[in-house]
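Notes to accompany the following structure.
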Amino acid sequence: MAHNRLLGRVGGQTALLFWPLFLTLVLSFGLGTAAHRMMFYLMSPCLFIGLWYARTACIQVMKTPLFYGIAAYIGYFAISIAWSPAPAPYDIFRAGVDMACILVFLCALAVWLGQAAYRPDILRATVMGIAAVTLIYAGFYYGLEGHGISERLWGYGRYNNPIHLSAALALALLTWFATLERPLTRRMFSITAGVVSLLVIIILLSQTRSTLVAMSGAACVTIVLGYRRAGLAIIGSVAICMGLTYLAWGNSLAELVARGDTYRLAIWAEALDIIRQSPAIGHGLLFDPQFLLNKPTGPYEAVHNIILGHAVHGGLIAVLLMLGLGLRAGYVAIRVFLDTQNGDLQSTKDHKVALLSILLLGFGFIFSQFTSSHFVEGLNSQWLVFWMPVGLCLYLEMRRNEIRG
């Protein structure tokens, strides 16, 4: 048939889903926010076509309880626009586009994982590429641009904010650990030590404490799952690199400590006052809070705490929906991880996806306690921190349903 010949020319259904997803990740390190989102919009027809040809698998994804939770979460925020203060038509349209993009991204990621083979070499090569590009950028930032080594490393591309850059690098580090096989060969141990040290040092230069705390939490999760050496390696690499960084550039770490809570406690206090005005349903998705108007560095728009942020915009209902969604995703990932570890499910890919999902969910939950307000946003770092692990869990639940069905 004609459509089958067309698919053969472009690489098949898997390619229609893989390349937009892969390029969205890779180009985020080179494109600014607006250009990055426009690139995703331009490639979205490929995702729609790929999902249409794989509609049977897409329907299976949409039949999972986790997808119902996602739909309830996004649907509630869509309804909350009704009680947002004077929403503009364009803002409503943009919110609708953001919601549609999240759903397409999640379905495309889950369906692609169901079609793709497990290729740890590609994952590691991607992480090494990210590490290499970031190293070159750090050299340019501190060398050619003349910044002092004690200055905070600001990011580039979509991750121009150092908080977002450090989160992306931490997720790359966790992805690397999830692909490792036990026991490690000497060659792989040496490569791992180099990649991890490089990523940790750059994260330290970004002076982002929330990322360091979240990485430590993810390391503890790794130890609980039985990967004691990997967890201790993460914690040890952070401690060693912090020591070396302090000896070489003590002012950098001193600045990290001297920033204190960076007004977060004051922002949270004002957020609690706003929550008390409408504790059940919040003030709506399009509510635009302004915090610390009297501060010279203000105003701030983000609550910088995902639980308080949900309460501000969606009230207690949004908080419960968010926690329920995260708990369901975590349950699915842990269930599949245990099944593959105990031999009830023979699949290396599913075991690694489950392990990565658990690590990313643990990291994302801790990290989000210090950043952002909610997850119904256009293409940004929250997609890496929250929606990507949720998409991985969508695939895992679809697989569980297939095996049990």
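The values are calculated or read from the model by the stated rules, or taken from the named source; none is laboratory data. Every value quoted in this text rests on a predicted model; they were computed, and no experiment measured them. Ideal geometry is used to build each Cβ from the backbone, glycine not excepted, and the neighbour counts take in all protein chains shown.
Of all residues in segment 174-186, those that are surrounded by fewer than 24 Cβ atoms within 10 Å (Cβ to Cβ) and either aliphatic (A, V, I, L, M) or within 14 Å of THR33 (Cβ to Cβ) (or both) total 3. For residues in segment 135-154 being closer than 19 Å to ALA172 by Cβ and touching a Phe, Trp or Tyr at 6+ places or on another chain (Cβ under 8 Å), which is surrounded by the most Cβ atoms within 10 Å (Cβ to Cβ)? Looking at the filtered set, the residue picked out is LEU153. Only one of the numbered conditions (1) within 26 Å of ASN342 (Cβ to Cβ); (2) free of Cβ contacts under 8 Å to residues at least 40 places away in the same chain; (3) in a helix (DSSP H, G or I) is not met by GLY217, and that is (2). Against the condition assigned to a helix (DSSP H, G or I), surrounded by fewer than 20 Cβ atoms within 10 Å (Cβ to Cβ) and out of contact with any Phe, Trp or Tyr (no Cβ under 7 Å at 6 or more places or on another chain), how does LEU103 come out, does it pass? Against the criterion (assigned to a helix (DSSP H, G or I), surrounded by fewer than 20 Cβ atoms within 10 Å (Cβ to Cβ) and out of contact with any Phe, Trp or Tyr (no Cβ under 7 Å at 6 or more places or on another chain)), LEU103 qualifies.
Of all residues in segment 376-405 being closer than 17 Å to SER28 by Cβ and among the hydrophobic types (A, V, I, L, M, F, W, C), which is farthest from the chain's Cα centre (by Cα)? That would be LEU379. For segment 352-360, the count of residues that are within 16 Å of ALA110 (Cα to Cα), free of Cβ contacts under 8 Å to residues at least 60 places away in the same chain and out of contact with any His (no Cβ under 6 Å at 6 or more places or on another chain) is nonzero.
In the set (1) under 18 Å from the mean Cα position of the chain (by Cα); (2) surrounded by fewer than 21 Cβ atoms within 10 Å (Cβ to Cβ); (3) at pLDDT 90 or above, the condition left unmet by ALA167 is number (2).
Confirm whether GLN369 is on the phi < 0 side of the Ramachandran plot, assigned to a helix (DSSP H, G or I) and polar (S, T, N, Q). Against the criterion (on the phi < 0 side of the Ramachandran plot, assigned to a helix (DSSP H, G or I) and polar (S, T, N, Q)), GLN369 does not qualify.
The set of residues in segment 340-359 being surrounded by fewer than 20 Cβ atoms within 10 Å (Cβ to Cβ) and either assigned to a helix (DSSP H, G or I) or within 17 Å of the chain's Cα centre (by Cα) (or both) consists of GLN341, ASN342, THR348, LYS349, HIS351. Within segment 170-194, the set of residues being over 16 Å from the mean Cα position of the chain (by Cα) and among the aliphatic types (A, V, I, L, M) comprises LEU180, LEU184, MET188, ILE191, ALA193.
Residues that are surrounded by fewer than 17 Cβ atoms within 10 Å (Cβ to Cβ) and of a type in the set (Gly, Ala, Ser) within segment 23-43 comprise GLY30, GLY32, ALA34, ALA35, listed in sequence order. Mind listing whichever residues of segment 192-208 are free of Cβ contacts under 8 Å to residues at least 60 places away in the same chain and over 20 Å from LEU355 (Cα atoms)? Passing the criteria: ALA193, GLY194, SER197, VAL200, ILE201, ILE203, LEU204, SER206, GLN207, THR208.
Can you find even one residue in segment 263-273 that is acidic (Asp, Glu), at pLDDT below 90 and on the phi < 0 side of the Ramachandran plot? No, because not a single residue in segment 263-273 is acidic (Asp, Glu), at pLDDT below 90 and on the phi < 0 side of the Ramachandran plot.
If we scan segment 201-218, do we find a residue that is modelled with pLDDT of 90 or more, crowded, with 20+ Cβ neighbours inside 10 Å and touching a Ser or Thr at 6+ places or on another chain (Cβ under 8 Å)? Within segment 201-218 (the criterion being modelled with pLDDT of 90 or more, crowded, with 20+ Cβ neighbours inside 10 Å and touching a Ser or Thr at 6+ places or on another chain (Cβ under 8 Å)), the answer is no, since none of the residues qualifies.
Any chance segment 113-135 includes a residue that's β-branched (Val, Ile, Thr), part of a loop (DSSP other than H, G, I, E, B) and more than 30 Å from TYR53 (Cβ to Cβ)? No, that holds for no residue.
Considering every residue within segment 387-404, establish whether at least one is part of a helix (DSSP H, G or I), crowded, with 24+ Cβ neighbours inside 10 Å, touching a Leu at 6+ places or on another chain (Cβ under 9 Å) and without any contact (Cβ under 8 Å) to a residue 40 or more places away in the chain. Checked against the condition, which is being part of a helix (DSSP H, G or I), crowded, with 24+ Cβ neighbours inside 10 Å, touching a Leu at 6+ places or on another chain (Cβ under 9 Å) and without any contact (Cβ under 8 Å) to a residue 40 or more places away in the chain, segment 387-404 yields no hits at all. Taken together, ASP288, ASP350, ASP273 contain a single residue that is over 30 Å from ALA88 (Cβ atoms) and among the acidic types (Asp, Glu), which is ASP350. Annotation for segment 317-324: at least one member residue is hydrophobic (A, V, I, L, M, F, W, C), surrounded by fewer than 20 Cβ atoms within 10 Å (Cβ to Cβ) and within 19 Å of LEU103 (Cα to Cα). Among the residues examined, LEU184 does not qualify as more than 26 Å from ASN160 (Cα to Cα) and at pLDDT below 75. The set of residues from segment 59-83 being closer than 11 Å to CYS107 by Cα and either surrounded by fewer than 20 Cβ atoms within 10 Å (Cβ to Cβ) or aromatic (Phe, Trp, Tyr) (or both) comprises ILE59, MET62, PHE67.
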